[in-house]
Structure formats: C-alpha cells, structure tokens
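Participant: Questions regarding the structure given below will be posed in turn.
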C-alpha cells in the first residue's frame, strides 16, 4: 500500500486542505498519515528532509506536492 503524508500547521488554509485530502484519498488504496506540526513537532525535520518547503503539503512516494500556501517551514519552526 502506498503511503500518503499530509503535513500542516493548523492554519485555516491547512485545515481546509486537510478536509479536501480526507475526501479525495481512498484509504483502501493508500495509507494516509496526517501530520499536524503543533501536535507532532518532532516530525518537522522529517518533512524538511523530504523537501517540504511550506505547508500544507502532500507527500506521495517521496514526491512533495505543495498545496496553496499557508506557512513556510521557517514559520512552522518559529511556532
């Protein structure tokens, strides 16, 4: 099963994108991992290593798809 990870920071743009992702991704075909950095700050480095530059971002097969623009990773780290 392919893994899909959605990274976000909880802003309005991110929350709206999360709802769209939840509606679009078939969890019978994909393992969906939702990462909210306020709840999982230890995963920020992981996201950066994958190439996430801003959130919300969706990572499928190590390919980063930046969705809209909610916050830069620098903003996320500044908390």
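Participant: Could you say which residue among 35, 52 is part of a loop (DSSP other than H, G, I, E, B), touching a strand residue (DSSP E or B) at 6+ places or on another chain (Cβ under 9 Å), touching a residue at least 12 places away in the same chain (Cβ under 8 Å) and surrounded by 12 or more Cβ atoms within 10 Å (Cβ to Cβ)?
Facilitator: When all the criteria are applied, what remains is 52.
Participant: Go through the range 63-73 and give me each residue that's at pLDDT below 90 and out of contact with any strand residue (DSSP E or B) (no Cβ under 6 Å at 6 or more places or on another chain).
Facilitator: Correct list: 68 only.
Participant: If you don't mind, there's one more thing I want to ask. Anything in the range 20-32 that is assigned to a helix (DSSP H, G or I) and closer than 19 Å to residue 63 by Cβ? List them, or say none.
Facilitator: The answer is 20, 21, 24.
Participant: Looking at (1) surrounded by 14 or more Cβ atoms within 10 Å (Cβ to Cβ); (2) within 24 Å of residue 1 (Cβ to Cβ); (3) touching a helix residue (DSSP H, G or I) at 6+ places or on another chain (Cβ under 9 Å), which one does residue 43 not meet, given that it meets all the others?
Facilitator: (3)
Participant: Which one is modelled with the lowest pLDDT, of the residues in the range 2-19 that are in a helix (DSSP H, G or I) and loosely packed, with under 13 Cβ neighbours inside 10 Å?
Facilitator: My answer is 12.
The values are calculated or read from the model by the stated rules, or taken from the named source; none is laboratory data. Everything numeric in this text was worked out from a predicted model, so none of it was measured. Cβ coordinates were reconstructed from backbone atoms using ideal geometry, including for glycine residues, and neighbour counts include every protein chain displayed.
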